[in-house]
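I have placed the structure first, in the form of structure tokens, so that the comments after it can refer back to it.
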Amino acid sequence: MKRKLRMGMVGGGLDAFIGAIHRKAAYLDGSIELVCGAFSSNPEKSKAAGEALGVHPNRCYGSFAEMIRKEKNLPGDMRMDFVSIVTPNHVHLAPARLALQNGFHVIMDKPMTLNLREARTLQQVVKKSNLVFALTHTYTGYPMVKEARELVAAGKLGAIRKVYVEYTQGWLSTPLERTGQKQASWRTDPKRSGPAGAVGDIGTHAANLAEYITGSRLTAVCAQLNKTVKGRKLDDDAAMLILFDNQASGVLTATQIAAGEENKLAIRVYGELGGLEWHQEEPNTLVVKWLDRPREIYRTGFDYLSASARANTRTPSGHPEGYIEAFANIYSSFSKAVREHKPGKRPATTYDFPSVEDGVRGMAFIEAAVKSSRSGQKWITIPKP
């Protein structure tokens, strides 16, 4: 398949932050084009958004159900190949399920669903469909995150013992949701966001990053979730102890009330022979620390890096690669899986993008953290996918 893949989008209207990010990431390598969408639940807004994005008026739909039904009836050389879902959490399951049941691959923003029950439902739909499903945990797409993962997998650091991961923001330090700000409004609303606020929004990124780099799975949490801003319905601050299936332990922090912070996602991983440190706000640098020799600074774009890091780098060293490029790496890997997909055959598990199982674990992590914070029994086991 040498042509561009045809993408349909659910959500992502002109005033939507994450929809624009998805489109830019999808376009970056020139292998995907947007051909249709239900960009808003309001048909007039959907049409206006689609036309502004260059989509033919006949393919700017008033609902995701209409889009999936009409696209399925188009000739094979016209219809969309996959659906990108960029809606708030409560509108994740329905369009994903309908798309998969009608033969369309799906890529979707995280967290995967509104709750763990929905996540398990979607997991079964994905399994039954034999189609490609990806979740956009963006930060796994950075070249130096992939280098960190390779170092751990190769045993360079020895057995992993300790993980410290934090995601600190400050944008919700005040009751921004009361001003009508769209992003704040839905992220602090249990009906649209789910059982957690900061933990669901950014804590899942921290947990996923820790699992991705270490290759281990979280098994239990001991959490304290806080609603710092008066009247807020969901947590805006969280700290927790975490345990992994390889017996490593760690600390995870997720807060959106650290005034002055932007998107300070950072991780430190320590093994018996050495450790590593990566910061999202300085993504091209990986610090590797050794027990018996000086620390090393790894930089994106050099030939000494692993094949995985090099394959996910687009520019020579010294040219910053950031958030859009990391996002695009997930789209690129997803695109490869879609192109290589054989009807009726289950997709291979070797593609490097977050899967439906990662999505289930993310929802299980959220619900375990909430349960731990509310319980007198602080250590809560995280259910397996």
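Readers should treat all values here as calculations from the given coordinates under stated rules, not as data from a laboratory. Because the structure is a prediction, the values reported are computed rather than measured. Because the Cβ atoms are built from the backbone with ideal geometry, glycine has one as well, and the counts that use them run over all protein chains shown.
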- Item | Debye log10 I(q)/I(0) for the range 1-129, one point scatterer per Cα, at q = 0.10, 0.16 Å⁻¹ | -0.28, -0.74
- Query: Roughly what % of DSSP beta bridges within the chain run antiparallel, to the nearest 5?
  - Reply: 60
- Item | Value of relative contact order over the chain, rounded to a whole percent, pairs C-alpha under 8 Å and six or more apart | 19
- Query: Of the residues Ala266, Ala337, Ala94, which exhibits the maximal mean-square fluctuation in a Gaussian network model of the chain defined by a 10 Å Cα contact cut-off?
  - Reply: Ala94
- Item | Pairwise label distance in nanometres, Asp245 with Lys227, each label 7 Å out on the Cα-Cβ vector | 3.5
- Going from the fewest other Cβ atoms within 10 Å to the most, one would list His279, His22 as His279, His22
- Task: Between the alpha-carbon centers of the range 330-347 and the range 230-260, tell me the distance in whole angstrom.
- Result: 34
- Compare Ala52, Ala364, Ala248 in a GNM of the chain, Cα atoms joined below 10 Å, and give the one with the largest fluctuation. Ala52
- Note on the structure: Cross-link reach from Lys182 to aspartates and glutamates, straight Cα distance under 16 Å and at least 8 residues apart if same chain, gives Asp15, Asp201
- Message: I need the per residue convex hull volume for the chain, using only the alpha carbons, in cubic angstrom as a whole number.
- Response: 139
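In the chain, which longest range has no GluC sites (Glu not before Pro) that are both DSSP loop (not H, G, I, E or B) and surrounded by at most 13 other Cβ atoms within 10 Å?
That would be 1-261.
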- Task: Using only the alpha carbons of the range 243-315, determine the length spanned along each of the three principal axes and report them from longest to shortest in whole angstroms.
- Result: 40, 32, 25
- Once the Cβ-Cβ distance between Lys162 and Asn73 is put in as r, and R0 is 51 Å, what FRET efficiency do you end up with, to the nearest 0.05? 0.40
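Of all the Cα-Cα pairs you can form in the range 103-236, what percent are over 27 Å apart? The partial results should precede the final answer.
On the way: 2976 of 8911 pairs.
Pairs farther apart than 27 Å: 33 percent.
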- Taking every pair of alpha-carbon atoms in the range 289-340, give the share separated by more than 13 Å as a whole percent. 67
- Candidate lysines for bridging to Lys371, where Cα separation is under 25 Å - those fewer than 8 sequence places away on the same chain excluded: Lys110, Lys162, Lys191, Lys227, Lys230, Lys233, Lys384
- Message: Please compute the Kirkwood hydrodynamic radius of the range 305-385 from all pairs of different C-alpha atoms, in Å with one decimal.
- Response: 16.0
- Within the range 178-274, report the trypsin sites (Lys or Arg not before Pro) that DSSP leaves as loop and that have at most 11 other Cβ atoms within 10 Å. Lys230
- Message: Given the DSSP H assignment, sum -39500 (n - 2.57) over each helix run of at least 4 residues in the chain and divide by its residue total; what's the result at 222 nm in deg cm²/dmol, nearest 500?
- Response: -10000 deg cm²/dmol
- Each label point is 7 Å from the Cα along the Cα-to-Cβ direction; what then is the distance between the points at Glu262 and Ser375, in nm? 3.9
- Task: For an R0 of 56 angstrom, estimate the FRET efficiency from the Cβ-Cβ distance between Gln101 and Glu272 and round to the nearest 0.05.
- Result: 0.70
